[in-house]
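Report on one structure; see the data block that follows.
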Amino acid sequence: MSTKRQLTDLRPGEKGRIIAISTSGTVRGRMMDMGLVAGSEVKVIRVAPAGDPVEVLLRGYSLALRKKDAVNVTLEVD
Amino acid sequence: MIRAALIGNPNVGKTEIFNRLTGLSQRVGNFPGVTVEKKAGRMIHRGQEVEVVDLPGTYSLTAHALDELVARDYIVMERPDVIVDIVDGTNLERNLYLTLLLLEMDANLVVALNRWDMVAARGMKIDVEKLSELLGCPVVQTVAITGEGLEDLKNSIVEVAGQKNAKENRAVQNYGDDIEQLINRVEDVIQKSPAPVEKYPRRWLAIKMLEGDERVMEQTRASLSSPQLAEILSIIEAGEAAIR
């Protein structure tokens with residue numbers, strides 16, 4: 001069974017599929033431009049001390065996200 | 001003289017290709033009013049003089065970031081004869097997003113599939129002919145650091161610049177019936193407006209208006225009558241309500 005989790009709750013090596021980006025405006029647009037859209041698979045590569053930033057693998061490339069942005073990404077995790 | 005502009009994601013080998021195309025003739029210039037640099041140079045190929053402009057590397061073409069805006073304004077306002085989209089062949093999924101945005105802007109496009117040596121080295125296979133067919137524009141394999149494929153790229157630039165119907169087969173992103181309907185309605189309103197708006201690709205304008213792009217709203221305000229503007233705003237509002 002899959003569970004709903006925020007991107008910031010995942011540990012390195014864990015992955016999930018995006019179901020929602022709960023932010024708006026410029027930041028939302030930017031995140032979507034970088035490929036963070038519903039359905040995208042995201043894997044956490046590593047997390048900096050204090051959880052900020054978070055490096056993820058998506059669409060074959062690495063992307064670093066601020067904790068305050070990553071927390072708005074909801075994933076479906078198996 | 002042919003005017004060509006190079007664009008692509010950051011770190012795809014864009015400037016290396018620029019240097020290969022223009023030799024030692026490049027100089028550094030500034031776009032008026034902003035601090036983001038553009039480089040311009042010249043090349044002569046098959047007896048044709050080509051001005052090559054190196055635009056800032058970007059992932060997208062929104063109005064939010066200065067470098068993206070510089071690239072976008074150049075394409076929309078200066079209307080270069082050819083846009084060369086330098087794509088990292090090892091990362092098509094991310095890179096082709098910009099390619100689709102460029103096609104949406106009605107750009108006369110040539111795609112350079114760069115880092116072609118790495119594509120093979122990583123055991124990846126790309127059906128270049130199929131990609132070209134799907135995008136509706138020429139796709140040329142290149143290796144910027146060795147110069148491989150650069151002659152083919154030069155040939156494509158000169159050929160596409162001379163083709164009036166080069167854009168006929170280009171790919172158009174379909175956003176689904178509900179959004180497409182909104183785009184059509186906004187396009188209809190724009191079509192009835194006086195001349196100045198018409199220098200922008202109409203579909204692109206409609207999409208940007210639906211996105212609430214502040215730059216486009218500002219640029220078109222003078223060209224649209226207030227009833228037209230009100231009609232567009234009501235279409236946007238109704239559309240947003242329907243989608244939510």
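Just so it is clear, none of the values below were taken in a lab; they were calculated from the coordinates. Please read these numbers as outputs of a predicted model, since none were measured by experiment. For neighbour counting, all protein chains shown are included, and Cβ atoms are generated from backbone atoms with ideal geometry for every residue, glycine included.
Entry note, the stretch B:92-220: relative contact order of 24 percent, from Cα contacts under 8 Å with a spacing of 6+ residues. Can you pull the percent of Cα pairs in chain B with separation above 31 Å? The calculated P(r) of chain B puts 27 percent of pairs beyond 31 Å. The ranking of B:Val172, B:Val110 by Cβ neighbour count inside 10 Å, starting from the fewest, reads B:Val172, B:Val110.
Where in the stretch B:87-110 does the amide nitrogen come within less than 18 Å of the point 7 Å from the Cα of B:Asp152, taken along Cα to Cβ? Those under the cut-off are B:87-92, B:109-110.
Backbone phi angles across the stretch B:228-234, fed through the Karplus curve with coefficients 6.51, -1.76 and 1.60 (θ = phi - 60°), yield HN-Hα couplings of 5, 4, 4, 5, 5, 4, 6 Hz in residue order; Gly and Pro are listed as x.
Angle of helix B:177-191 to the longest C-alpha principal axis of chain B, folded into 0 to 90 degrees and rounded to 10: 80°. In order along the stretch B:71-86, phi translates into HN-Hα couplings of 4, 5, 4, 4, 5, 6, 8, 7, 6, x, 5, 9, 10, 9, 9, 8 Hz, rounded to whole numbers, per the Karplus curve 6.51 cos²θ - 1.76 cosθ + 1.60 with θ = phi - 60° and x for Gly and Pro.
Between B:Asp188, B:Asp88, B:Asp106, the Gaussian network model of chain B with springs among Cα atoms under 10 angstrom shows the greatest mean-square fluctuation at B:Asp188.
Where Lys and Arg each count +1 and Asp and Glu each count -1, what net charge lies around A:Gly16 among other residues with Cβ under 14 Å from its Cβ? Write down the numbers at each step before the final one.
Details: positive: A:Lys4, A:Arg5, A:Arg11, A:Lys15, A:Arg17, A:Lys43; negative: A:Asp9, A:Glu14, A:Glu41, A:Glu76, A:Asp78.
Surrounding charge for A:Gly16 is +1.
Can you sort B:Asp152, B:Asp213, B:Asp177 so the residue with the fewest Cβ neighbours within 10 Å comes first?
Details: B:Asp152 15, B:Asp213 20, B:Asp177 8.
Lowest to highest Cβ neighbour count: B:Asp177, B:Asp152, B:Asp213.
What's the average, rounded to a whole number, of partner chain beta-carbon atoms within 10 Å of each residue's beta-carbon in B:89-97? Can you show the working numbers first?
Details: counts 0, 2, 3, 2, 6, 7, 3, 0, 5.
Counting other chains' Cβ atoms within 10 Å and averaging over B:89-97 gives 3.
When chain B is treated as a Gaussian network with alpha carbon springs shorter than 10 Å, the biggest mean-square fluctuation among B:Lys125, B:Lys14, B:Lys208 belongs to B:Lys125.
Have a look at B:Ala222, B:Ala107, B:Ala161 and tell me which one the Gaussian network model of chain B (Cα, springs below 10 Å) gives the largest fluctuation. For chain B, modelled as a Gaussian network with Cα springs under 10 Å, the answer is B:Ala222.
If you add up the charges near B:Ser225, with Lys and Arg at +1 and Asp and Glu at -1, over every other residue whose beta carbon is less than 13 angstrom from its beta carbon, what do you get?
Combined, the nearby Lys, Arg, Asp and Glu give +1.
Looking at this model, which pairs from B:Lys39/B:Lys130; A:Lys4/A:Lys67; A:Lys67/B:Lys208; B:Lys14/B:Lys130 are more than 21 angstrom apart at the alpha-carbon? Where the Cα-Cα span goes over 21 Å, the pairs concerned are B:Lys39/B:Lys130; A:Lys67/B:Lys208; B:Lys14/B:Lys130.
Annotation for the stretch A:20-78 versus the stretch A:1-18: alpha-carbon center distance of 11 Å.
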